[in-house]
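The values are calculated or read from the model by the stated rules, or taken from the named source; none is laboratory data. Everything numeric here is computed off the predicted structure, so don't read it as measured data. All Cβ positions, even for glycine, are placed from backbone atoms using ideal geometry, and neighbour counts span all protein chains on display. Side chains included, ligands, DNA and RNA excluded: accessible areas come from the protein's heavy atoms. Shrake-Rupley method; radii C 1.70, N 1.55, O 1.52, S 1.80 Å.
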Amino acid sequence: MNGTLPSRSNDSSSTIIKYEKSSCLFCNEWFDSQTFTEHLIHCGQVLEQCPNTCKVFLPRLRMRAHLKECPHAEHSNSSCENLDKMAEQRIQTLENDINTLRTVLNEEIRQRLHLITDLGNVRKQNQLQDEMSHSIQESLKHLQNRLNEENTQRCYEVEQCQQDFRYCHDIVQTLKTELQHEIDDLEKHINRVSLEGARHQNLLNDNILQLEDTVLAHERNNRDKFIELENYLQTFNDDIKSKLQVNADHNAKYATLGLEIKSMKHIVCETEERCDKLEALFTEMDRSLHHTMQLVADMENYLSTQQRLTSIINTRGHLIWHIKDLSKKMDESKKYDTILHSAMFSNKPYGYALRLDIYLNGKGNWKGRNMLACLNVLPGEYDALLTWPCRLQANVLIRDQRYTSQSEADDYMKLVNVRKKSDDYIQTNQFFYIPHKILTQAQYLKNDSIYVEVRILKTQ
């Protein structure tokens, strides 16, 4: 039976087995594929039939010894030529048998190759299935462990949330009580400030009326005196000119009158300066009055802010602010540097307290050409529970009022970054500007009003 020594080479698609040696079917020796055929011709263990017609098959090595002992050996000399012919025929037969065996061996090798290839594929599939089963089991164990850890963590978090809720509820009740006391005190203080402001306003109005009457009276008296003085001077001048050469005393009187005229002119100039000072004082008092009214409005705004901090309605991080009477508010901003404050809103439920502040006429280097705005993070009720520092991003839009469809509108947008280190840190205003020529365009300004929208993009 043949044997083979295979050598294997791996490929990405299949396994190829190369047979380098084969074993002899008679002597069981191993030979290379090149010398295997030559060995079969000369192998001593090949069975051959006795040429003396004794019908005995012996190995080739023992054939000579058998011919000496064969009972039909007397016929061997006479049939020597026949023996040679038979040997040639046997050699031819052996060659045919060898070719047949080679064909059979090649077929067997091919079948073995297919079987080995199939066996390798089956082993590889079994190995992949084992690895997949092992991986699935490991994943299931890992998922089970994760589920157990998640359940434990969720239970702990639920208990912690319950404790935090009870703690926050107590804090909220305490803050509501303290805030109510502060609101009552602020209301009393605002009432006192309002009464004092009204009293000061009445006094100021009375003083202004008195000053106006005094100024008018002085102006009338000075005008009459100045006219009389001019007439008198004209008459006196005519008399002096006619009598100048006659009486030298008149010259002294004329000089005295000149001094009096200069003193009267000085008095008139002082009166005009006093009028200017009174007018400047009136302007300053008007500005002080406006600032006092602004202070009262800020106090009322602070009170309403404190009330809104406890119950902010807008907690979606989205604000739309309708600014009416823009031209009037622009004039007030140019004259008194007023600030507009939006309604309070939050980036999320129980989130940061936010407010948009606007300088319509600008501020500093931007004054007179641009609108300055700032998105401020105010002290809120839930600051102790929030993440600090605060980092937010928002889009501030001037809405296009030509179209009702958002897809067709051409809004003017600014990207704003808001940062604050901690809840007790005084924030430095981070301003952004919008030119006045944008605000006054027809698509944004309609019926003397604009819409300002704030959308929080990034939340913590």
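For the chain, the share of accessible area belonging to carbon and sulfur comes to 53 percent (1.4 Å probe, ligands and nucleic acids excluded).
For H341 and C155, the FRET efficiency from 1/(1 + (r/R0)^6), where r spans their Cβ atoms and R0 equals 45 Å, is about 0.50. These residues, W30, W388, W321, go from largest to smallest accessible area, 1.4 Å probe, as W30, W388, W321.
Write down the accessible area per residue of region 121-205 in Å², having rolled a 1.4 Å probe over the full set of protein chains. Before the final figure, lay out each step's value.
Values: 7360 Å² over 85 residues.
Value for region 121-205: 87 Å² per residue.
Given their separation in residues at 0.36 nm each and the Cα-Cα distance between them, K334 and R146 gain 61.2 nm when the chain is fully extended. With a Förster radius of 45 Å applied to the C-beta separation of K446 and A198, the computed FRET efficiency comes to 0.75. Straight Cα distances below 22 angstrom link K348 to the lysines K176, K414, K420, K421, K458, with same-chain residues fewer than 8 positions distant left out.
Percent relative contact order of the chain, based on C-alpha pairs within less than 8 angstrom and at least six residues apart?
Values: 453 pairs, mean separation 39.3, N = 460.
Relative contact order of the chain: 9 percent.
Based on DSSP H segments of at least four residues, each scored -39500 (n - 2.57), the chain has a per-residue ellipticity at 222 nm of -20500 deg cm²/dmol. The C-alpha atoms of the chain define a longest principal axis, and helix 249-310 lies at about 40 degrees to it.
A simple packing score, the average count of other Cβ atoms within 10 Å per residue, orders the peptides 258-265, 378-385 as 378-385, 258-265, with the highest score first.
For the chain, would you read off the P(r) tail past 29 Å as a percentage of all alpha carbon pairs?
Numbers: 80693 of 105570 pairs.
Cα-Cα pairs in the chain separated by more than 29 Å: 76 percent.
Segment D276..C27, full-extension length gain: 75.6 nm, with 0.36 nm per residue of separation and the alpha-carbon distance subtracted.
Please list S342, S407 in order of solvent-accessible area, largest first, computed with a 1.4 Å probe with all protein chains present.
Working: S342 5, S407 105 Å².
My answer, sorted largest first, is S407, S342.
Angle of helix 326-336 to the longest C-alpha principal axis of the chain, folded into 0 to 90 degrees and rounded to 10: 60°.
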